[in-house]
Every structure is written in C-alpha cells, then in structure tokens.
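Asker: To start, I am sharing the structure in question, which I have written as structure tokens.
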Amino acid sequence: MKFLKASLAATMAGVSVLGLSLAAPADTQAQGQNAVPIDVWALRDVVNAVQVSPDGKHLLVHKIESKDGEYLLEIYKTDNLSEPYRRLNADPMEIIAASWVSDNFIFGTAWQQRRSKVQRPEQDTRDYLTYAYNLEENEFNTVDENLEIIDILPNDPEHVLVGEGNAVATLSGVDPIAAFRPRSYYKFNLERGTKSLIIKGNTEFPVVQAFDNEGNPRFTSTFDRGEGKQKTYYRKPGEGSWTQVNEYDLEDQSNLYRILSGIHGIQGFDPENPNIGYIIETLPGNDKAGLYEFDFNTGKIGKELFKPEDADVMGIQTHSIPGNDKLVAAVYPGAKMERHWFDEDEKAFYEALEQQIPYAHQISISSRSVDGKTMIVTNRGPHDPGSYWLVKDGQLAKLGSRNPLVNQDMLADVKYIRYTARDGLSIPAYVTVPKVGKPPFPLIVQHNGGPHVNGMVSYDEIGQFLASQGYMVLHPENRISVGWGQKHFDAGYGEHGLAMQDDKDDGVLYLIEQGLVDPDRVAFMGWSYGGYAALVAASREPQLYQCTVAVAAVADAEKQYLGRRDSSLKALDEWSKRRGTIGVNPINEVNKVNIPLLMVHGDVDRRVMYYHFKDYKKAFEYAGKQGQFVTLEKADHFSNTLMYNHQQQLYTKVADYLANDCGPGGL
C-alpha cells in the first residue's frame with residue numbers, strides 16, 4: 001500500500017483532474033449534433049464511492065483521476081474539504097472497494113491482474129487482497145484473500161463479520177450454482193488483520209442467509225440432495241444448532257422460484273425484540289412475495305406487513321442512522337425501486353431530499369454519522385449517472401458524480417410501461433426515449449444478463465449511449481424475470497429462445513402500433529443472456545430486425561449447460577437443461593441467420609467463456625455467412641472489470657456498426 005500527496009480540488013467537482021482530450025465521433029444517420037462523445041461513455045466511474053465515518057469527522061472518497069488510471073482512496077476531514085487528509089493506493093494492486101467500519105478503520109479489497117487465460121468457468125484472472133486501514137496509525141493490515149463484509153458488528157468495534165467473497169456480487173439467479181457452494185464466515189480483527197472462524201459452511205449447511213448485529217447466525221436454507229428438498233432453518237440468539245422451519249419439494253417445478261429468485265428469506269430483525277424477524281415469503285395461494293413478521297419462538301410466520309399488487313417485495317430498508325435497525329420501508333420494483341414506508345419521519349426526510357436534488361430518482365442515504373447530523377446522499381436515475389451529496393449541519397452540497405462529463409440535461413427520459421404478450425401475459429418494460437428527433441424512432445431492443453434477474457432501469461449506460469445516438473431503446477422484463485411474481489417467472493420455464501423471445505418481439509410490435517417506432521429501423525443488442533437472445537433474433541422468422549449485436553453471448557447453450565451441470569438436484573438440473581438442450585441453441589441455428597451480425601467478446605470472460613465466440617465464429621463462417629467479430633483483449637464479463645480501452649473500443653464499434661452496417665444504409 002502507498003500513501004500519495006496531491007490536491008483534491010476538481011475531482012469532487014469532477015472534470016479538470018481527468019485531463020481528458022475528448023473528440024466527438026463523426027455524425028451518423030441517427031446521431032444528432034448533441035450526441036455525447038464516445039470517450040465520455042467509455043470512462044470508468046470517476047467517483048465510485050463516498051462515505052462519511054460513523055463519528056462524522058471524515059469522508060472517504062474512492063475515485064479515479066484519468067481515463068487510463070487506477071482507483072485510489074482519499075480521506076478528507078469534514079470540516080476542511082479543500083485538500084485531502086490522506087491519499088492512498090495499493091500499487092501494484094488497485095483498490096476496488098472501501099467502506100468505513102468504525103471511526104478509525106476502513107475495510108476493503110484490492111485486486112491485480114495476474115493471469116492471461118481462463119481455464120474453467122468462474123476462474124478469475126486476478127488475485128485479491130483484503131485490507132483494514134487504520135486512520136489514526138496511518139497503516140494497513142492485509143490478508144491475501146478476497147473477503148466480503150457481512151456486518152460491521154456495531155457492539156464490537158474491533159471486529160467486522162466477513163465471509164469468503166466473490167469479485168462480482170452474484171445477482172439474484174445469475175449463477176444459481178453459487179447457492180450450493182459452501183462458504184465460511186469469520187470475525188476479522190481490524191487492528192491485527194487476523195480472522196477467527198464463526199461458522200464453516202458444508203454440504204449440509206453451505207451458507208448463512210442472515211446474521212444479527214451480534215454476529216449470531218440466525219437463518220439459512222439448505223438442499224437435501226438425497227430427499228430432493230430445500231429446507232429452511234432458524235436459530236435463536238445463543239443457540240448452537242439449527243431448527244427446521246419449512247421444507248419444499250425440489251422435484252416440484254413450482255418451488256424453483258424460491259431458489260432462483262434470491263429474494264425469499266429473513267431480511268432483518270426487530271430491534272425491540274430479537275425473536276421477531278422480517279421475512280419475505282410467497283405464501284400458499286399467492287402469486288406475489290410479501291413482507292411478514294417471523295416469530296423465532298414459534299418458528300411461524302406472523303402478520304403481513306406489506307404485499308404489492310403488481311410486484312414482489314425484494315428487500316427492506318432500515319433506519320439511516322447506523323446501529324438503528326428500525327424497519328422503515330419495504331422495497332419493490334416499478335417505475336423505479338419503490339418504497340412502501342412504515343416510518344413517516346424517514347419518509348418525510350427522503351421527500352425533502354427529492355425536492356432539493358436535481359433529477360431526483362433513486363435517492364438513498366449511503367452513509368450517516370451516528371449522531372445523524374452528517375450524511376452522504378446518493379441519487380441515480382435516467383438523468384443522473386450517480387451523484388454524491390453531503391448533508392452537514394442542515395446544509396446540502398454536491399460532492400461529485402460517477403460521470404461528471406455527461407450533461408444531465410441531455411440524458412434521455414425512461415418510461416415504465418406494460419404491454420400484453422401474444423399469450424396474454426402482462427410484460428413490464430422500460431423505454432428510453434431519445435432527446436432529439438421525433439416518432440417514429442429507430443428502435444433497439446436491449447437486454448442484458450440473467451435472464452432470471454430484475455432488470456429495472458434506473459441509469460443504464462448502454463441504454464443512454466444508444467439513445468444519445470438517436471435510437472429509442474426497449475428493455476423488456478420478459479417472462480422469467482424476477483420481481484414480478486411467480487406466475488411471471490414460471491411462464492419462462494423451458495422457453496429460452498421461444499416464448500421469452502416472443503415477449504421481446506411483442507414489445508417491438510406494441511411500440512410500432514403506438515406509432516413510436518419505424519418498423520423498418522429495428523435492431524437487437526444484448527449482453528450475456530441478452531447476447532444469446534441477440535443470436536436467436538438473427539434467425540427469427542418472420543424477421544423484425546435489421547441487424548443484431550451480441551456481446552459476451554451464450555452461443556452454445558448446450559455446452560454451457562454441460563460444463564456446469566450438477567445433476568444431484570433434479571429439478572434445478574431440469575431447469576438448467578431447458579436453458580441448454582431444450583429450446584433454441586444459437587450455434588445450431590447459424591444456417592438460418594438472415595440479418596447482419598456483430599459479435600463482441602472478451603477473451604478472459606469467466607462467466608461466458610471465450611469458446612462461445614470462437615466456436616460460433618467458426619460455424620458461422622463455415623455456413624458461408626457474413627458477420628463482424630471483435631475481441632476485447634483482457635476483458636472479462638462484468639462491467640466493473642471493463643477498462644476505459646475496452647469500453648471505448650466497444651462503443652465506437654457499436655455506434656459505427658449500427659449507423660453504417662446494420663442492413664442497407666444502416667439503422
């Protein structure tokens with residue numbers, strides 16, 4: 001670890017320290033004079049995190065100072081933001097995460113690229129280091145492994161609760177096998193940089209789903225391969241063994257949503273009564289997941305706290321003051337992540353912030369001092385890439401932005417809609433409307449990973465990039481998407497490339513019928529599962545699309561399935577099989593491709609390995625088809641692993657391809 005000296009000044013304001021020379025790309029058919037330069041879209045997040053210490057005396061700023069630079073850490077005194085108190089980096093590693101865990105300690109992670117090839121699924125090319133930084137002593141303690149913070153243990157300031165971590169958080173359902181990997185949990189001593197085991201995961205109890213603030217394991221679920229059942233368990237404080245709550249037959253397809261949605265289970269505890277928890281559950285006879293009380297004395301679900309009509313409860317929000325675990329809101333998807341408030345004071349405070357922050361959309365208090373007087377507020381939405389605001393002594397001031405070079409006024413609106421699929425299913429969707437031009441617009445259907453995730457669009461960089469080029473963008477929450485109820489999820493069973501693809505096409509037809517889209521100017525772009533869907537779109541009949549762009553695409557779904565297969569859980573295996581051997585497998589469809597294709601892939605992609613790109617390209621060319629294939633060197637699958645050069649190459653190629661090579665005359 002190293003300690004640096006330099007001034008802050010403009011990073012918080014945002015521009016001059018970048019030292020960028022930005023040249024706008026040439027105008028194209030769809031691109032207006034107000035398009036944002038490619039170099040701006042290609043930036044990594046300039047300010048990645050800002051937090052205030054629990055005593056309110058210091059700010060942590062995780063930032064980058066040039067387009068090709070690495071993240072560093074700055075610490076400021078809250079009574080003097082004119083210059084940093086400390087500047088830190090991790091050379092030759094890079095600090096990728098940092099957060100306050102006490103008045104004096106920052107806990108985080110650093111990484112370093114060490115390998116040039118991915119030999120097996122999920123193999124990382126980076127090494128990781130976990131650190132605790134002592135502000136008073138100005139020194140680091142490190143552990144040569146990747147540990148994820150689970151809880152700050154407010155009653156034990158010398159320790160934090162950590163678990164064996166992943167470089168990229170596993171979003172609900174993206175990697176279902178992660179739920180079965182045993183994980184160990186430790187108390188990490190901040191002063192000494194050592195850890196002591198709390199509980200070790202095993203094949204019977206692989207993970208703990210909820211701890212309390214004392215570090216006690218309280219709730220888990222496990223998978224009995226012999227009986228083919230998922231079982232849930234709880235513990236009361238101080239108990240050393242698990243008590244079973246429920247069990248679910250994994251041979252029953254209707255129980256898959258519990259496993260793959262990632263939303264069910266204990267979310268928190270009543271601070272007035274540790275034997276009362278808050279649980280998200282889909283009760284028998286219900287389609288949507290609601291929030292309920294759970295009684296640890298009886299092991300039973302109690303009264304309903306909230307259940308939305310059109311969506312699942314996906315989480316809870318507790319009070320913004322650290323150590324206050326009072327339940328203040330339930331969270332569920334809609335036009336944004338909506339809140340059902342239980343606390344009128346907290347609700348009023350958020351509403352006041354929304355009145356004062358420009359383009360307020362998804363407001364959050366990311367950190368707050370224990371006395372409540374100092375806090376960092378974040379906002380993220382269609383017109384805000386992510387901004388950071390300091391509230392101190394009743395005053396509000398903007399500190400910085402994830403992308404300060406984007407003109408917020410020129411970003412596009414995002415509309416939340418619902419349309420009806422051909423079989424009558426209601427499909428939620430998000431439409432990004434270009435700032436320039438008028439209907440009917442050229443349209444790009446955009447879908448990213450999953451597919452069994454919630455794709456609620458807040459600020460979506462790719463969608464905004466495409467809109468800045470003049471394209472309307474449709475992001476459908478097709479069947480199997482999470483957060484919209486079990487019926488919506490179950491309707492996607494075995495429908496990869498079939499009804500799930502119809503849902504996307506039906507969204508296109510709906511927008512055409514509304515007069516918003518030119519039927520002769522429609523394209524598809526997707527990433528990961530969305531890349532798979534982009535390849536499926538290339539061979540559809542009748543054909544709605546003029547071209548397709550497949551990024552990090554699952555091109556050989558059967559090979560992907562066979563390379564990760566776990567046949568010990570039949571229902572999950574049958575579900576996975578339907579993603580690979582049943583439905584449409586793009587590599588078997590190359591002879592049917594009937595529109596231009598652009599395929600882009602990173603050569604160290606650990607989630608969708610590079611063989612997908614190479615094998616599909618070989619089959620595509622053997623079939624005599626014409627397409628464009630681009631490799632992003634040293635690029636992984638996930639957005640936080642992509643450097644400026646990767647994104648600059650990607651966005652430049654996509655903009656040029658859509659404008660010039662997407663069918664006759666371009667899109």
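Asker: Of the residues Thr243, Thr222, which is touching a Ser or Thr at 6+ places or on another chain (Cβ under 9 Å), in contact (Cβ under 8 Å) with a residue 12 or more places away in the chain and either more than 30 Å from Arg564 (Cα to Cα) or not hydrophobic (A, V, I, L, M, F, W, C) (or both)? Full working, then the answer.
Answerer: On the way: Thr243 fails: touching a Ser or Thr at 6+ places or on another chain (Cβ under 9 Å).
Result of the check over Thr243, Thr222: Thr222.
Asker: Also: Just name the residue that is surrounded by the fewest Cβ atoms within 10 Å (Cβ to Cβ) out of those in region 195-212 that are free of Cβ contacts under 8 Å to residues at least 40 places away in the same chain and not aliphatic (A, V, I, L, M).
Answerer: Residue satisfying both the conditions and the ranking: Ser196.
Asker: If the Cβ limit is 6 Å and pairs must be 6+ apart or interchain, which residue in region 606-620 that is part of a helix (DSSP H, G or I) pairs with which residue that is surrounded by 17 or more Cβ atoms within 10 Å (Cβ to Cβ) and of a type outside the set (Gly, Ala, Ser)?
Answerer: His612/Asp556; Phe613/His601; Asp615/Asp556; Tyr616/Ile587; Ala619/Ile587; Ala619/Val590; Phe620/Val590
Asker: Taking the stated definitions as given, is Ala169 surrounded by fewer than 16 Cβ atoms within 10 Å (Cβ to Cβ) and modelled with pLDDT under 85?
Answerer: Working: surrounded by fewer than 16 Cβ atoms within 10 Å (Cβ to Cβ): yes; modelled with pLDDT under 85: yes.
The answer is yes for Ala169.
Asker: Also: Just need a number here: residues in region 574-590 that are without any contact (Cβ under 8 Å) to a residue 40 or more places away in the chain, polar (S, T, N, Q) and in a helix (DSSP H, G or I).
Answerer: Of the residues in region 574-590, 1 are without any contact (Cβ under 8 Å) to a residue 40 or more places away in the chain, polar (S, T, N, Q) and in a helix (DSSP H, G or I).
Asker: Go through region 421-456 and report how many residues are under 24 Å from Arg578 (Cα atoms), surrounded by 24 or more Cβ atoms within 10 Å (Cβ to Cβ) and modelled with pLDDT of 95 or more.
Answerer: Qualifying residue count, region 421-456: 3.
Asker: Out of Asp156, Asp127, I need the residue that is in contact with a strand residue (DSSP E or B) (Cβ under 9 Å, 6 or more places away or on another chain), surrounded by fewer than 21 Cβ atoms within 10 Å (Cβ to Cβ) and part of a loop (DSSP other than H, G, I, E, B). Which one?
Answerer: Asp156
Asker: Another question, if that's okay. Taking the residues in region 386-402 that are touching a helix residue (DSSP H, G or I) at 6+ places or on another chain (Cβ under 7 Å) and either in contact (Cβ under 8 Å) with a residue 60 or more places away in the chain or of a type in the set (Val, Ile, Thr) (or both) as candidates, determine which candidate is farthest from Trp41 (Cα to Cα).
Answerer: Per the stated criteria, the residue is Leu399.
Asker: So which residues in region 500-521 are in contact with a helix residue (DSSP H, G or I) (Cβ under 7 Å, 6 or more places away or on another chain) and more than 21 Å from Tyr657 (Cβ to Cβ), if there are any at all?
Answerer: Once the filter is applied, which keeps residues that are in contact with a helix residue (DSSP H, G or I) (Cβ under 7 Å, 6 or more places away or on another chain) and more than 21 Å from Tyr657 (Cβ to Cβ), region 500-521 yields only Gln501.
Asker: Another question, then. Of the numbered conditions (1) crowded, with 19+ Cβ neighbours inside 10 Å; (2) touching a Gly at 6+ places or on another chain (Cβ under 6 Å); (3) within 30 Å of Phe465 (Cβ to Cβ), Ser369 satisfies every one except a single condition; which is it?
Answerer: Failed condition: (3).
Asker: Pick out the one residue from Val551, Val508, Val536 that is touching an Asp or Glu at 6+ places or on another chain (Cβ under 9 Å) and touching a residue at least 24 places away in the same chain (Cβ under 8 Å).
Answerer: Numbers: Val551 fails: touching an Asp or Glu at 6+ places or on another chain (Cβ under 9 Å); Val508 fails: touching an Asp or Glu at 6+ places or on another chain (Cβ under 9 Å).
Only one candidate qualifies: Val536.
Asker: If you don't mind, there's one more thing I want to ask. Kindly indicate which of Leu396, Leu353, Leu390, Leu327 is more than 30 Å from Ile279 (Cα to Cα) and surrounded by 15 or more Cβ atoms within 10 Å (Cβ to Cβ).
Answerer: Values: Leu396 fails: surrounded by 15 or more Cβ atoms within 10 Å (Cβ to Cβ); Leu353 fails: more than 30 Å from Ile279 (Cα to Cα); Leu327 fails: more than 30 Å from Ile279 (Cα to Cα).
Every option except Leu390 fails the conditions.
Asker: Right, here's the next one. Of the residues Pro237, Pro217, only one is assigned by TED's automatic domain parsing to the domain that holds Thr298 and at pLDDT 90 or above; which?
Answerer: Pro217
Asker: Can you tell me which residue among Gly515, Gly563 is outside any strand (DSSP E or B), in contact with a Pro (Cβ under 7 Å, 6 or more places away or on another chain) and modelled with pLDDT under 95? I'd like the intermediate steps shown before the answer.
Answerer: On the way: Gly515 fails: modelled with pLDDT under 95.
Checking each option against the conditions leaves just Gly563.
Asker: Next question. Taking only region 626-667 into account, find how many residues are assigned to a loop (DSSP other than H, G, I, E, B) and either crowded, with 17+ Cβ neighbours inside 10 Å or modelled with pLDDT of 95 or more (or both).
Answerer: Summing the residues that are assigned to a loop (DSSP other than H, G, I, E, B) and either crowded, with 17+ Cβ neighbours inside 10 Å or modelled with pLDDT of 95 or more (or both) in region 626-667 gives 13.
Asker: Name the single residue, out of those in region 90-113 being part of a strand (DSSP E or B) and among the aliphatic types (A, V, I, L, M), that is nearest to Ser369 (Cα to Cα). Give the derivation first.
Answerer: Just the residues of region 90-113 that are part of a strand (DSSP E or B), to begin with: 94-100, 105-113.
Now restrict to residues that are among the aliphatic types (A, V, I, L, M): 95-98, 106, 110.
Details: Ile95: 24, Ile96: 23, Ala97: 20, Ala98: 17, Ile106: 15, Ala110: 26 Å.
Per the criteria, the residue is Ile106.
Asker: Also, quick follow-up: Is there a residue being more than 17 Å from the chain's Cα centre (by Cα), within 23 Å of Arg258 (Cβ to Cβ) and outside any loop (DSSP other than H, G, I, E, B) anywhere in region 324-337?
Answerer: Yes, region 324-337 contains at least one residue that is more than 17 Å from the chain's Cα centre (by Cα), within 23 Å of Arg258 (Cβ to Cβ) and outside any loop (DSSP other than H, G, I, E, B).
Asker: Now for a separate question. Which one of these does Val608 not meet: (1) in contact with a Leu (Cβ under 7 Å, 6 or more places away or on another chain); (2) β-branched (Val, Ile, Thr); (3) under 21 Å from Arg126 (Cβ atoms)?
Answerer: The number of the failed condition is (1).
The values are calculated or read from the model by the stated rules, or taken from the named source; none is laboratory data. Nothing here was measured: the structure is a model prediction, and the numbers come from that model. As a convention, Cβ positions derive from the backbone with ideal geometry for all residues, glycine included, and neighbour counts pool all protein chains shown.
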